[in-house]
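Structure first, commentary second.
The values are calculated or read from the model by the stated rules, or taken from the named source; none is laboratory data. The shown structure was predicted, so the numbers you read here are calculated from the model rather than taken from an experiment. Because the Cβ atoms are built from the backbone with ideal geometry, glycine has one as well, and the counts that use them run over all protein chains shown.
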Amino acid sequence: MLLTKREKQLVKAFLQVGKLSLKEMADILQVSSRTVYRTLSDLMLTLEKQNIELIKDGRKYFLSGDLSVLEESQSTEEVSASQRLVLISYLLLTSAEPIINEELQERFWVSNVTVIQDIAEIEKRLKEFELSIQRKRGYQVVGATAQKRRFLAILLSNAISIQNFWQDDYPEFPILETEQVQATRQIFEEHQYLLGEVDSKLRQFLMILLALADNQDELVPAVNVSKEALDFSKRIFSDLAKRSKKFFNLQEIVYFANILDEIIIKRQEIPLFREKFDSEFYYSISQMVDAVSRFTKSDFFKDKLLFQLLFNHMRLSLAVPFLFPERATTNVAYLAAQKNQFLHSIVSLVMRDIFPSFIQNEYEYELVTLHFASSLRRSPDIYPIRLLLVTDERPLTTSVLVSKIKNIAPFVEWIDIKSTSNLSMVDTGQYDYCLTTRPIPNREIDLISTFPNTQEILDLQDKLQQIQENRTVAERKELVSKKSHDLQKYLVASSQILRNFSLSILNNQPSFEDSVGQIVERLDFVTDVGYLVHKLLSRFELSPLAIPNTNLALLHTQSHTVTESHFLVVELSQPVSALSMNHQYEQVQRILVMLTKVDDEEEIREMMTAISQSIIENNLYTEIYRTGNQEIIYQLLNAIFTEKIKKLEN
């Protein structure tokens, strides 16, 4: 049953009120009496097919008959456009037979045009996952079984909240059998510790994927699947088979292991001590931070937390992308994008250039913009501002006020406190903003209460954000830092790596593989040269680490053949070609070698990790590794270790 917008409004009003006069209906529809009569005439013809009559009682009208049909229709009407796209996609993916247009019209109370538009939107999304819609006696999704299942698992993960999933509340999606989901959830939770910490939405996606396992043939074959992923998949399916009394074939085990490898195991935040990882994904995050930094002229790479947040966010988005996101103008991501429109436009352009098409939508751009906008507000390292607070209050009172200011504006790098008696000796040009707790004659300095109320704090927060956004970049004196306390174990570790560091020149062979063999042969702290060369080359083949556009390559591993941990730089006499992180070939002029003992101290491992992160995440450091001599790189390593120890100390 199809109704016009006006007819739907009238039906809803009849169901809520009961009887309506002609004037009341005109007020509801905001039209003339003549238009109301015409609308009622059309509505009567439609309702007759449902055995419902429109009866006039005096000056009022009411509906008579089985109104439950209309109540169901009204509840269906509440489905949003995004929810409708999800439900139609679900029907297309799970139906064994084609679904005709009229069936969708009846089910969702929409017109033929709306269905056609919805199908076009769904088809566009399906193409990004190598699927399509066949129009033959209706609509039907066609494509590889593996891709259909993956799209369905993503769709269900989008549609079912984590809370509802754990409470087994998903009646709209009967393909998920409650008993099977409960068994899958329990078994997965028992073994999850083997994967480490996993985002709750990722866990939900993997559980749904397991619950959809149905022994379909022609799933994705094993392609360099890791032993870790395969072992985990075997454990899960073995326990699931025992619990459900159902056999699962090898195809299912390998298919799940492939996805597990792709979305979790290969995408580890610290890949240094793993045998296999997705170097291209790792590089794409660092490139996004670097590109946004360059275009906005803000040093986002200085915010160490930003890389971690973006890494985890993009890992989740690539695994479980938003298929049909709602367009809301009240969520925090939308508001952040509106307040930072230039930043939002840069983020959108960079993401289009770096990431695949299936995560290219406005909602995703807004979320990533929020990360960068939050970084500006959070970190005093990116775009810091300095304040001068002029006060003669007691230290405790002043300390409370300073804490309040830092709490609302973490991006404030420094708050310098001066007495009014010393104000004449202060160079106010070294500060972005000046405040005072008492009016000062002949000085235009903003006033703040010693104990500011909520409104004052909010006004100050807005003011400080405006100052940060419009800060003039000028040379300023260095601030005096607090003295740090040494952490002995980390100092010993850093000293050992610095002591072992060297930059040497190698008269190398013309191939990358032969050059690696030459490098290892020269190392007197390696007990089995052949074994280590094979391991380094195997790792490099699985996860190439030539850094694009730098002429650098990184070799790293931990091995029982290494007697002491070393970081070395080897300059080649002739460049060699090696596969880079973006799977293009790079002409390598320098090879960075990072070798660690299997049982080395945790402090050594952390210092090595700091070096590896500096190579990939920081373009300035990368340039130093590329062009610096031994002394310059030594000083860089020393600075990295000092920064690491300071953070640990604080």
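Just one of the listed residues (306, 349, 318, 343) is touching a helix residue (DSSP H, G or I) at 6+ places or on another chain (Cβ under 7 Å) and modelled with pLDDT of 90 or more, and it is 318. For residue 600, the requirement of being at pLDDT 90 or above and either surrounded by fewer than 21 Cβ atoms within 10 Å (Cβ to Cβ) or in a loop (DSSP other than H, G, I, E, B) (or both) is not met.
Note on the stretch 1-41: residues that are surrounded by 14 or more Cβ atoms within 10 Å (Cβ to Cβ) and among the acidic types (Asp, Glu) total 2. Of the helices (runs of 4 or more DSSP H) entirely within the stretch 488-589, those holding at least 2 residues that are under 32 Å from the mean Cα position of the chain (by Cα) occupy 529-542. The residues on offer are 315, 294, and the sole one that is assigned to a helix (DSSP H, G or I), touching a Lys or Arg at 6+ places or on another chain (Cβ under 8 Å) and within 20 Å of residue 375 (Cα to Cα) is 315. Taking the numbered list (1) in contact (Cβ under 8 Å) with a residue 12 or more places away in the chain; (2) surrounded by 15 or more Cβ atoms within 10 Å (Cβ to Cβ) in turn, residue 114 passes all entries but (1).
Those helices (runs of 4 or more DSSP H) of the stretch 43-156 in which 3 or more residues are charged (D, E, K, R) and either under 30 Å from residue 263 (Cβ atoms) or modelled with pLDDT under 85 (or both) occupy 68-77, 112-127. Exactly one residue among 407, 422 is of a type in the set (S, T, N, Q), outside any loop (DSSP other than H, G, I, E, B), under 18 Å from residue 464 (Cβ atoms) and at pLDDT below 85, and that residue is 407.
Of the candidates 354, 417, the single residue that is in the same structural domain as residue 322 (by TED's automatic domain parsing) and β-branched (Val, Ile, Thr) is 354. For the stretch 149-197, the tally of residues that are crowded, with 17+ Cβ neighbours inside 10 Å, closer than 26 Å to residue 315 by Cα and of a type in the set (Gly, Ala, Ser) stands at 3.
Checking each residue in the stretch 198-227 for being surrounded by 15 or more Cβ atoms within 10 Å (Cβ to Cβ), over 17 Å from residue 316 (Cα atoms) and in contact (Cβ under 8 Å) with a residue 40 or more places away in the chain picks out 210, 212, 213, 216, 219, 220, 226.
If you scan the stretch 423-447, which residues turn out to be surrounded by 10 or more Cβ atoms within 10 Å (Cβ to Cβ) and of a type in the set (S, T, N, Q)?
Within the stretch 423-447, 428, 430, 436, 437 meet the criteria.
Restricting attention to the stretch 493-517, the residues that are over 14 Å from residue 592 (Cβ atoms), among the aliphatic types (A, V, I, L, M) and surrounded by 13 or more Cβ atoms within 10 Å (Cβ to Cβ) total 2. Only one of the numbered conditions (1) closer than 16 Å to residue 500 by Cβ; (2) crowded, with 20+ Cβ neighbours inside 10 Å; (3) over 33 Å from the mean Cα position of the chain (by Cα); (4) aliphatic (A, V, I, L, M) is violated by residue 592, and that is (3).
Of 59, 107, all but one fail to be under 30 Å from residue 22 (Cβ atoms) and basic (Lys, Arg); the exception is 59.
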